[in-house]
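A.B. asks: Pasting a structure here, questions to come.
The values are calculated or read from the model by the stated rules, or taken from the named source; none is laboratory data. On a predicted model such as this, the values are computed, not experimentally measured, just so you know. Here the Cβ is made from the backbone with ideal geometry for all residues, glycine too, and neighbour counts use every protein chain on show.
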Amino acid sequence: KVSFEIEPLGESVRLTVVHDDFEPGSEMLEGVSEGWPEILSSLKTLLETGEPLPAQDG
């Protein structure tokens, strides 16, 4: 399950992403823990500049 919370923060907003309901030791948890920061960094850059970050291989 993934939930998103957007809250005002001065002239900006804060996006909080919660991805939960994983089994203990889940490989999926490891994958999304590495994936979300990359996705959200690209989204931030896209919103600020109009261009996403280049996709990383791997």
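A.B. asks: When you check Leu53 against the structure, is it in contact with an Asp or Glu (Cβ under 9 Å, 6 or more places away or on another chain), outside any strand (DSSP E or B), surrounded by 10 or more Cβ atoms within 10 Å (Cβ to Cβ) and free of Cβ contacts under 8 Å to residues at least 40 places away in the same chain, yes or no? Reasoning before the result, please.
C.D. replies: Working: in contact with an Asp or Glu (Cβ under 9 Å, 6 or more places away or on another chain): yes; outside any strand (DSSP E or B): yes; surrounded by 10 or more Cβ atoms within 10 Å (Cβ to Cβ): yes; free of Cβ contacts under 8 Å to residues at least 40 places away in the same chain: yes.
Against the criterion (in contact with an Asp or Glu (Cβ under 9 Å, 6 or more places away or on another chain), outside any strand (DSSP E or B), surrounded by 10 or more Cβ atoms within 10 Å (Cβ to Cβ) and free of Cβ contacts under 8 Å to residues at least 40 places away in the same chain), Leu53 qualifies.
A.B. asks: Then there's this: When you check Leu43 against the structure, is it part of a helix (DSSP H, G or I), surrounded by 12 or more Cβ atoms within 10 Å (Cβ to Cβ) and without any contact (Cβ under 8 Å) to a residue 60 or more places away in the chain, yes or no?
C.D. replies: yes
A.B. asks: Still on this structure: From the residues in region 16-27 that are of a type in the set (Asp, Glu) and assigned to a loop (DSSP other than H, G, I, E, B), which one is farthest from Ser3 (Cα to Cα)? Working first, answer last.
C.D. replies: If we filter region 16-27 for residues that are of a type in the set (Asp, Glu), which is where we start, we get 20-21, 23, 27.
Remaining after also requiring assigned to a loop (DSSP other than H, G, I, E, B): 20-21, 23.
Details: Asp20: 9, Asp21: 11, Glu23: 18 Å.
Out of the qualifying residues, it is Glu23.
A.B. asks: Just one of the numbered conditions (1) among the aromatic types (Phe, Trp, Tyr); (2) surrounded by 10 or more Cβ atoms within 10 Å (Cβ to Cβ); (3) not in a helix (DSSP H, G or I) is not true of Trp36; which one?
C.D. replies: (3)
A.B. asks: Please go through (1) at pLDDT 85 or above; (2) closer than 24 Å to Lys1 by Cα for Glu30 and return the number of the only condition it doesn't satisfy.
C.D. replies: (1)
A.B. asks: Still on this structure, please answer the following. Going by the structure shown, is Glu38 acidic (Asp, Glu), within 24 Å of Gln56 (Cα to Cα), modelled with pLDDT under 90 and over 12 Å from the mean Cα position of the chain (by Cα)?
C.D. replies: no
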